[in-house]
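First up is the structure itself, then whatever we jot down about it.
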Amino acid sequence: MADYKLIDFQIKGDERGSLIAIEGGYDIPFDIKRVYYIFDTKKGVERGFHAHLNLKQVCIAVKGSCTFVLDDGKRREEIRLDRPNKGLFIEGLIWREMKDFSPDCVLVVLASEHYDENDYIRDYNKFLKEVKNDS
Ligand code: T46
């Protein structure tokens, strides 16, 4: 199954500032096996350009902003991540590209699996074939 959606995290703010708590099982629709973050992205850089076979992820720009281009093989959509309480959940065969990183962007990603290069499809035509086989 291929899907993506935005998740709103509750901000627990008080006079000292803000705090967001993300708890596996409650706020994230999978068990978190890995966390990685992308930061210090150079001006003009675009990343991603791949799909995953099985991985589920939630991406959060905890600081700054960046744009995800999501493609399910039929249509493309751009989603701007620009708030620490906004998570982008991506599941299954979705081609993704990331661009327009602000210089201060820290993109945190929560993942359902350990790192596995065999789960990546890095060729767009191969991705389209997989989408066809899947439907
Ligand atoms: C994704 C988007 C949103 C590791 O060794 N372990 C890891 O957990 C990850 C994610 C990467 N790496 C190595 C593999 C490469 O040598 O770090 C290097 C950069 O990875 P990559 O070119 O895949 O990074 P992005 O920004 O194109 O994609 C990443 C994730 O790989 C991918 O799963 O969905 O962020």
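The values are calculated or read from the model by the stated rules, or taken from the named source; none is laboratory data. None of the values given here were measured: they were computed from a predicted structure. Virtual Cβ from ideal backbone geometry, glycine too; neighbours counted across all protein chains shown. Note: accessible area is taken over every heavy atom of the protein model, side chains too, but ligands, DNA and RNA are not part of it. Shrake-Rupley method; radii C 1.70, N 1.55, O 1.52, S 1.80 Å.
Data table
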| quantity | calculated |
| --- | --- |
| Leading residue by the ranking (nearest to D72 (Cα to Cα)) among those in the stretch 108-135 that are among the hydroxyl-bearing types (S, T, Y) and surrounded by 13 or more Cβ atoms within 10 Å (Cβ to Cβ) | Y124 |
| Complete set of residues in the stretch 94-119 that are closer than 10 Å to H52 by Cβ and either out of contact with any strand residue (DSSP E or B) (no Cβ under 6 Å at 6 or more places or on another chain) or not charged (D, E, K, R) (or both) | I94, W95, A111, S112, E113, D116 |
| All positions within the stretch 80-107 that are within 13 Å of I7 (Cβ to Cβ), open to solvent by 20 Å² or more (accessible area, probe 1.4 Å) and of a type outside the set (K, R) | P84, N85, E91 |
| Strands (runs of 3 or more DSSP E) contained entirely in the stretch 18-132, each with at least 2 residues that are more than 13 Å from the ligand (Cβ to nearest atom) | 56-63, 76-81 |
| Residues of the stretch 19-64 that turn out to be among the hydroxyl-bearing types (S, T, Y), surrounded by fewer than 16 Cβ atoms within 10 Å (Cβ to Cβ) and touching a residue at least 24 places away in the same chain (Cβ under 8 Å), as a count | 2 |
| Output for the stretch 97-135, where each listed residue is in contact with a Cys (Cβ under 9 Å, 6 or more places away or on another chain) and under 21 Å from I22 (Cβ atoms) | M98, C105, L107, V108, V109, L110 |
